[in-house]
1. Exactly one condition in (1) within 13 Å of chain A (Cβ to nearest Cβ); (2) at pLDDT below 85; (3) surrounded by fewer than 16 Cβ atoms within 10 Å (Cβ to Cβ) is not met by B:Arg91; state its number.
2. Being surrounded by fewer than 24 Cβ atoms within 10 Å (Cβ to Cβ) and under 22 Å from A:Gly109 (Cβ atoms) is the filter here; which residues of region A:258-272 pass it?
3. Determine if region B:187-201 includes at least one residue that is more than 21 Å from B:Ile128 (Cβ to Cβ) and in contact (Cβ under 8 Å) with a residue 12 or more places away in the chain.
4. Test B:Ala61 against the stated conditions and say whether it is under 19 Å from the mean Cα position of the chain (by Cα), farther than 21 Å from B:Arg186 by Cβ and of a type in the set (A, V, I, L, M).
5. Among the residues of region B:110-128, count how many are touching a residue at least 40 places away in the same chain (Cβ under 8 Å) and touching a Gly at 6+ places or on another chain (Cβ under 9 Å).
6. Farther than 30 Å from A:Gly245 by Cβ, more than 7 Å from chain A (Cβ to nearest Cβ) and among the aromatic types (Phe, Trp, Tyr), is that true of B:Phe180?
7. Would you please list the contacts, defined by Cβ atoms under 8 Å and residues six or more apart or on different chains, that run from a residue in region A:138-154 that is without any contact (Cβ under 8 Å) to a residue 12 or more places away in the chain to a residue that is of a type in the set (Val, Ile, Thr)?
8. If you scan region B:102-139, which residues turn out to be of a type in the set (Gly, Ala, Ser) and either modelled with pLDDT of 85 or more or not in a helix (DSSP H, G or I) (or both)?
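The values are calculated or read from the model by the stated rules, or taken from the named source; none is laboratory data. Here the structure is a predicted model, which means the values were calculated and not measured. Glycine gets a Cβ as well: all are built from the backbone with ideal geometry, and neighbour counts include every protein chain shown.
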Amino acid sequence: MTSATAPASPGDVGTQANGTTSGTGSQPSRASRRGASGGRASGGRASGGRQAAPRRKKPPTAAGQLLQSTWLIVVVLVLWWVLSARSTNFFIPSLQQILEALGTDLTNGVIAGGALYSLSNLFVGLAIAVVLGVGLGLVLGEVGWLRRVVDPVIHFFRCIPQAALVPLIIGTFGIGQGPKMGTIAFACFWPILLNTIDGVLGVEPTVRHFSKVYRVPKPLYFRRVVLPAALPQIVAGVRVALPIGITVMVVSEMFASTEGLGFYILNSSATFQVPQTWAGALLVGVVGYLLSVLFVFAERRLLRWYYASGAK
Amino acid sequence: MNPTLSRPAWLLLARLGAVALILALWQTVVSAGLLPSMVPGIADVASAIVTSLSNPLFWGALGRTLLAALAGWMIATVVGVVLGLLIGSIRFLDRSTSILIDFGRSFPVLALMPVVIMLLGSTTTMEIVVVALSALWPVLVQTIYGARRQEAAVADTVAVFRIPAGLRFRRVLLPGAMPFIATGVRISSAISILVAVGVEVISQAPGIGRQITLMQQNQQWDVAFAYLFFTGLVGWGIAVGLQKIEDKLLTWKRQMND
């Protein structure tokens, strides 16, 4: 740890955190969010100009847009169905078999119980990470010297492979639900922390000075000034943490467990129930996708004031 | 805020102090018996770290992991940049693929592991495939963002001068998207290492992740913690290094923005 002399500039944590938040590829910072959707709005037609595009071509209707965004998925599914139907490879079952297995296990409660177990682990772990990450992030964002001192430590912990923690934590604390939640919380904590710090650093200096001049009490200041200002960035951090949490959730159940979606996948593959293995993996993917869609939806509602303020 | 801390020497000292404080805290908790007895103390882990340094098995395992991560990362980068530039610059493709890409990017690839193991076995090839599948998405999504963000004036200029497609791709699209691509490539480098280790933990594929699991099963907790420390250190070193390279290579972009 003696090599812990990372760049000592004040914005240190902030810039690195920005890199982390783009983990899902979306741009969390105000400026780039504006830019990204600005690019979308301008039509982006390389051959036409911003002005020329709408005149030359009518904007597609709602049905046309729906068709345009879904045809490829239909093609992929049909191709999968047709190509896998003739598969003679034992390990590549037909899509029909996979869906049948999924249907059976969904209705007889095997998957439902596992999903409930997995998702409760995920949500408790994520909730712990949000509380600790936001709390500590607000403090570190406000107290500059402390942030600079612990910065290398934070980045070191962020780089520890979450999956490698699973055997150690489960080996130490047992195979119960608690250690799994703890592992998920640990993995989700760092992106939320870094993003919260980044968000606090983005509070307008004028607002900061204003609060100081008017001697706004600290609790009020944190609750009504810093927290709302940092909220878009905090939410972006949770959005990054969500897929990490799902991955750790699955891995923690694959390592030593008798329950959950990860166990369902591993167990069916160990007993050569190949369609079930595919079905489980597919289901985890769908659950992951649905959660992220729900999250974006909730984010839109929670941050309506932010999008309305012209940050779009 | 605190003037003394702005001096680099003091900052370094304070940082070392913070590390020492954390280590002391750990040691106190372990010696007080608050944690299960398997958790090793500082001295054990430190000596395990020193012995690992001269252990060829450790270096071999670490090397295998890094090579697999590197291979997967390079595949992801090439595929992601080419596909991303294509999708991002053609409006129709962009619209058509958006749901598919959102799905792929929120898909926990490690959940697919048993399926991939069935198809390819617990081999390094399997590991590289899983790493590439995971590391692809940040590069792809960032490149699409970058390619989409063509300024209207530049697009008009390209159209008016009838710049050929190849030249446009190489000299307009690629440099324009470069800052975004760089971010994506940097993020996916971190993901590559995380996933490579994760794959080895779950499967029997050889590498440092496998070694961590083995040491834990052999009750050699100090060695397991030492290996975990090294994987964190390597990931951190690569992250810092790539950030430095990115800052240096993209100086022109930063200057333009300022």
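1. So the condition that B:Arg91 fails would be (3).
2. Correct list: A:Thr258, A:Glu259, A:Phe263, A:Leu266, A:Asn267, A:Ser268, A:Ser269, A:Ala270, A:Thr271.
3. no
4. When the stated conditions are applied, B:Ala61 passes them.
5. Count: 5.
6. no
7. Close Cβ pairs (under 8 Å, with a partner that is of a type in the set (Val, Ile, Thr)) amount to A:Leu146/A:Val139.
8. B:Gly104, B:Ser106, B:Gly121, B:Ser122, B:Ala132, B:Ser134, B:Ala135
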